[in-house]
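In what follows, a single structure is set out as structure tokens and then discussed.
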Amino acid sequence: MAVFQALVPPFNELLGFVVDEWENGHTRISVTVKPEHGNSHGIPHGGFLCSLLDVATALPGIYCPHQDSIRRALTLSLNTSFVGQASSRQLYAIGRITSAGYKIFHSSAEVFDSNDRLLATGHAILKYRKGCESIDGMTLEDWHNLVEKPS
């Protein structure tokens, strides 16, 4: 398992997502639901659950075993179904690859509360960013050169 904190997007940190397990084709993410994550009924907002599903479907496909490299992907489609109501403030999501090609991968994820009650499911289609298609990814230096804007 490799979790490189320097590569965690600020949005994931803002929402409090913690990557517990991450390997090629699989991830487990946990989060403590805060009041600001809730809807008017005091349960996790659907948008919050969608964000958790989005991350949980992406990570299994962008795992990279090299600390000096990175893989990135863009979500092309995310279909969600809400199937239950949380009975605890602790949630976790399990994500896995369902099929993958060279540029596109499909994945699914499920969100549960700490009582293992299923809350939501998601199915996503994602596209690798150029240079991130192989498990070796692209070097962090090349990534920064690609995303930095000229002065």
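Assorted remarks:
- Helix 46-62 and the longest principal axis of the Cα set of the chain meet at an angle near 30°.
- Note on the chain: lysine pairs with Cα distance below 28 Å, sequence gap of 8 or more or different chains, count 5.
- For the range 1-126, the spread of Cα positions along the three principal axes, ordered from largest to smallest, is 42, 27, 22 Å.
- ³J(HN,Hα) computed for each position of the range 133-138 - Karplus, 6.51 cos²θ - 1.76 cosθ + 1.60, integer Hz, glycine/proline x: 5, 8, 4, 6, x, 10
- The range 100-126 and the range 1-70 have Cα centres separated by 12 Å.
- Phi angles across the range 89-95 convert, under the Karplus curve 6.51 cos²θ - 1.76 cosθ + 1.60 with θ = phi - 60°, into 3J(HN,Hα) values of 8, 9, 10, 8, 10, 10, x Hz, Gly and Pro given as x.
- Cα centre as origin, Lys/Arg/Asp/Glu Cβ charges: the chain dipole, Debye: 380 debye
- Gain in span if fully extended, ASN115 to LEU76, counting 0.36 nm per residue against the direct Cα distance: 10.9 nm
- Full extension of the segment from GLU21 to THR98, taken as 0.36 nm per residue of separation minus the current Cα-Cα distance, would add 26.0 nm.
- Backbone N within the range 22-47 under 17 Å of label point (7 Å from GLN85 Cα along the Cβ vector): 38-47
- Taking the chain and dividing mean pair separation by its residue count, relative contact order in percent (alpha carbons under 8 Å, at least six apart): 24 percent
Read-outs throughout are calculated quantities, based only on the coordinates presented, and are distinct from any laboratory measurement. The shown structure was predicted, so the numbers you read here are calculated from the model rather than taken from an experiment. No Cβ is skipped: glycine too gets one built from the backbone with ideal geometry, and neighbour counts run over all protein chains shown.
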